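The structure appears right after this line, and notes come after that.
The values are calculated or read from the model by the stated rules, or taken from the named source; none is laboratory data. Owing to the predicted nature of the structure, the values given are computational and were not obtained by experimental measurement. Virtual Cβ from ideal backbone geometry, glycine too; neighbours counted across all protein chains shown. Quick note on the areas: whole protein, heavy atoms, side chains included, nothing else; ligands and nucleic acids left out. Shrake-Rupley method; radii C 1.70, N 1.55, O 1.52, S 1.80 Å.
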Amino acid sequence: MEQKAVPQLQIDMPVKFVKGIGEYRARLLWRLGIRTPLDLMEYFPKSYMTRRVNPSLFESTVGDMIAFTALISWVDLRPTKSGSKILNVGVSDTKITLVCTWFRFPPHYEQLFKPGQSVWLSGTLSEHDGQLQLLHPDFELIADQEEELDFWKTREILPVYGLTDKLSQKMLRNLIYKIFELFAAQISERLPQELLDRYQYPVRKVALQKMHFGTDLGEIEQVRQRFAYEELFFSQLMWARHRYYHIKAEDGIVFENKDRLKKLLWERLPFKLTSAQVKVIREIFSDMCSARQMSRMVQGDVGSGKTIVSLFAMLLAVDNGYQAALMAPTEILAEQHYQNISKLMEGLPVKVGLLKGGTYKGKAQIKKDIAESELDIVIGTHALLQDDTVFKKLGFVAVDEQHRFGVEQRAKLARKSSRPDLLYLSATPIPRSLSMTVYGDLELSIIDELPPNRKAIQTFVRQEGKIDTVYNEVRKELIAGRQVYIVCPLVEESEKISLLDAERLYKYISTKIYPEYSTALLHGKMSAKDKDRIMHSFKAGETRILVSTTVIEVGVDVPNATVMIVEHAERFGLAQLHQLRGRVGRGTSQSYCYLIQHFPISSVARERLSTMNKTTDGFVIAEKDLELRGPGEFFGTEQSGMPRFKFASIIKDQLLLRQARDDAFGIITRDPDLQAENNSFLRSEYIRLYNSREELILY
Ligand code: ADP
Ligand code: MG
């Protein structure tokens, strides 16, 4: 397929055709997601190493991720009883000495390290017998200049890339250098000139070169910002288009603002709504009465009273002759909602039903009632979403604890034929900056106020050695008739061990510590039925102490439980700790949360615990969590719908995000389809980026 006008070397051709790469290396690069020369040039360093020894190590503590350059002072190779070998290498950075240890290593390591060499190391700092240690660190010998291009030999600062087996830093560095020689001229710009001028960003070609070959870390950071902006700008461009079309579509249900049922509920409420609740109900009603299909998220801390807010919305739908649904992530939560809402609806002309998953007696009848509109409000689990659950006239859906829902599921819900109005409830407060990127398709309402007369939960951080005094303090609560949660972590790498931990802890608690109270064990390996039975018995107060891995259902309400003990609290993320603490303090009595820390503890973990100690405000905690962990880990890995940014950090780049958002929305407001002459460049970039994904977003 030779074409005359096409140059031999193209920036988007498969890398295997580039001279010197070939089939084999191309396959290695493929594993890194690199297919073309452009991919290779966009394969940014994960860090930079400097050849100079930099004595900053003494500021680090055990558990920290560190990367530094040091001098090798000694090498020690010793056999073990089992016939293998342990390699220890002592290094120092003029202030501090530590030992690098390998229990498994390729044979050539034995000859690799020599006293006096300088070496770059990266790993997690640990401690063994009072000696600082790095176990199986990443490393690179600075003076090892074999197979290195002259260009790199003279550099003070070198890029460090993420690697795969059989690819070395040096190979990749050399490859990237050569690729730039061959293809740099073909790098094209992606941002409009107007925006480059506005922020004084270097053109893309120069910026790419600086990322790999920069000599000044400050300058490299500025260039990173250019790419972060580019990334954020295009994602905001997509949300701007979504918003534009969504508002224009006007294909939602127009509810009439009737207040018959609203009044009836209002009159029988056992409490006064908070002003935040009233404000949010207004926002929801205004959406529901417009022709636009509502897609709104209500964020409110645990216990802020989101359920009642969604009930008002459901009643508006029912008042208009529609059905409403409330979807919960678990059966126990669905049942809890069903009981509470049924009670509130007693005597009112509103029929409430419960639909659970699996097969059970009476299910067919419920489905029939849903199909024939015998039920006005249906509460259920994901079963509500199944294709064979057919509503006669569905007008409104509330999704409780929606954080497991990604963009795709939201799109599926929104496309239901009746175009129901949608309300998402979230107890995971998310900083505004993050909402704009993750939930760019949703309007946001915030309940930033807790009902009055709630006693703030008292939080204590205690060391493992003090656990007996904790048990003694907690006994007072048990004597007073209250209930207690004890949570221990489930570590992913070794589920078995921690499961054992939970079991062992359960035995210890039930036989040695509180033998006089009924204790139950709950963990993830149990059948749904067993979990349900145990949760019910705890809810009913028959079980007084619940020892559990983190499977305690989000949102479960046991007002009589006043104590939460979290074992190994240093292993939990902030959002998780906040959720766990939210299980108590749901009644009128004083509640307590004990965070038990075990050693070693990293400085980040220390900061998490001190944050928990200082504040109970979910939004403050969310901001801090984001700062400490970065958005990638914010929701855990399976969070779908979370954009993966290569360069942008939602915390560091909040200003960039705001700029990108304003710029993108400004452009789309003036020219929604990028048809204007001066946007044609942007249009082709946009299509190249989002061609296949856009359909998914523009629902
Ligand atoms: P969450 O926002 O965590 O889902 P819920 O909706 O479960 O919170 O409400 C927690 C508890 O607070 C419930 O028992 C509910 O009846 C009660 N509640 C809700 N709003 C108020 C209010 N304005 N005043 C007092 N109690 C309220
Ligand atoms: Mg709730």
Given points 7 Å out from each Cα along the Cα-Cβ axis, report the Leu385 to Lys343 separation in nanometres with one decimal. 2.9 nm
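Starting with the highest mean, order 561-571, 165-175 by the number of other Cβ atoms within 10 Å, averaged over the residues of each peptide.
Numbers: 561-571: 23.3, 165-175: 16.5.
Ranked by mean Cβ neighbours within 10 Å, highest first: 561-571, 165-175.
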Largest-first semi-axes in Å of the equivalent ellipsoid built from the Cα gyration tensor of segment 181-297 are 52, 19, 9
Given a 1.4 angstrom probe, I'd like the percentage of the accessible area of the chain that is carbon and sulfur, rounded to a whole number. 51 percent
Contour minus Cα-Cα distance for Phe599 and Ala676 (0.36 nm per residue): 21.6 nm
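Over the chain, what number does the Rg to Rh ratio reach, with both radii from the alpha-carbon atoms and Rh per Kirkwood?
On the way: Rg = 29.5 Å, Rh = 29.2 Å.
Across the chain, the Cα-based Rg/Rh ratio is 1.01.
Starting from the residue with the highest accessible area, list Met13, Met49 in decreasing order, probe 1.4 Å. Don't jump to the answer; show the numbers that get you there.
Numbers: Met13 25, Met49 0 Å².
Descending accessible area places them as Met13, Met49.
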Val203 accessible area, assembled protein chains, probe 1.4 Å, Å²: 70 Å²
Restricting to aspartates and glutamates and to Cα separations under 17 Å from Lys614, and discarding same-chain partners fewer than 8 apart, the set is Asp301, Glu570, Glu623, Asp625, Glu627
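Can you tell me the length gained on complete extension of the stretch Phe105 to Asp165, counting 0.36 nm per residue apart and subtracting the Cα distance?
Details: separation 60, 0.36 × 60 = 21.60 nm, distance 1.37 nm.
Separation in residues times 0.36 nm, less the Cα-Cα distance, equals 20.2 nm.
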Using a simple spin-label model with points 7 Å from Cα along the Cα→Cβ vector, what separation in nm is obtained for Tyr48 and Glu127? 3.3 nm
Area projected by the alpha carbon convex hull of segment 109-205, averaged over all directions, nm²: 10.5 nm²
Is the shape of segment 427-471 best called rounded, prolate or oblate, per the rule: a/c under 1.5 gives rounded, else a/b larger than b/c gives prolate, else oblate, with a ≥ b ≥ c the square roots of the Cα gyration tensor eigenvalues? oblate
For Lys512, counting only aspartates and glutamates whose alpha-carbon sits under 15 Å away and dropping same-chain residues fewer than eight positions off, the answer is Asp468, Glu503
Restricting the count to DSSP beta bridges whose residues both fall in the chain, what percent are antiparallel, rounded to a multiple of 5? 40 percent
Could you give the distance between the Cα centres of segment 473-490 and segment 360-396, to the whole Å? 39 Å
Report the local net charge at Gly395: Lys and Arg +1, Asp and Glu -1, summed over other residues whose C-beta lies under 11 Å from its C-beta. +1
Before anything else, pin down the relative contact order of segment 47-160: Cα pairs under 8 Å, at least 6 apart, normalised by residue count, whole percent. 31 percent
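Charges only on Cβ, +1 for Lys and Arg, -1 for Asp and Glu: so what's the dipole of the chain about the Cα centre, in debye to the nearest 20?
With Lys and Arg at +1 and Asp and Glu at -1, about 1040 debye.
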Summed residue charge, Cβ within 14 Å of Pro559's Cβ, Lys/Arg positive, Asp/Glu negative: +4
Give the value in nm², to one decimal: projected area of the alpha carbon convex hull of segment 458-615, averaged over all directions. 8.8 nm²
Segment 47-160: spread of alpha-carbon positions along the three principal axes, whole Å, largest first, is 47, 33, 22
Going down the table (Lys343/Lys455; Lys262/Lys361; Lys263/Lys343), which pairs top 24 Å between alpha carbons? Lys343/Lys455; Lys262/Lys361
Listed highest first by mean packing, meaning other Cβ atoms within 10 Å per residue, what order do 41-47, 233-239 come in? 233-239, 41-47
Find how many whole Å separate the alpha carbon centroid of segment 239-292 from the alpha carbon centroid of segment 143-217. 52 Å
Count the net charge of all other residues whose Cβ sits under 15 Å from the Cβ of Ile253, scoring Lys and Arg as +1 and Asp and Glu as -1. +2
Hits among lysines - C-alpha to C-alpha of Lys652 under 21 Å, sequence gap 8 or more where chains match: Lys46, Lys210, Lys624
So what is log10(I(q)/I(0)) for segment 197-263 at q = 0.12, 0.13, 0.17 1/Å, when the Debye sum runs over its Cα atoms only? -0.54, -0.58, -0.74
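Per residue, how large is the accessible surface of the chain? Use a 1.4 angstrom probe and give square angstrom. The partial results should precede the final answer.
On the way: 33140 Å² over 699 residues.
Result: 47 Å² per residue.
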Hey, rough spin-label estimate for Leu149 and Ser417, points 7 angstrom out along Cα→Cβ, what's it come to in nanometres? 6.2 nm
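Once you have the Cα-Cα distance between Lys466 and Ala480, take 0.36 nm times their residue separation minus that, and quote the gain in nm to one decimal.
Working: separation 14, 0.36 × 14 = 5.04 nm, distance 2.26 nm.
Length difference between fully extended and current span is 2.8 nm.
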Rg [Å, one decimal], Dmax [Å, integer] - segment 255-331, C-alpha atoms: 12.5, 34
For all pairs of alpha-carbon atoms in segment 230-283, what percent lies in each bin of width 5 Å, listed from the first bin to the last filled one? 4, 13, 12, 15, 11, 12, 12, 10, 7, 4, 1
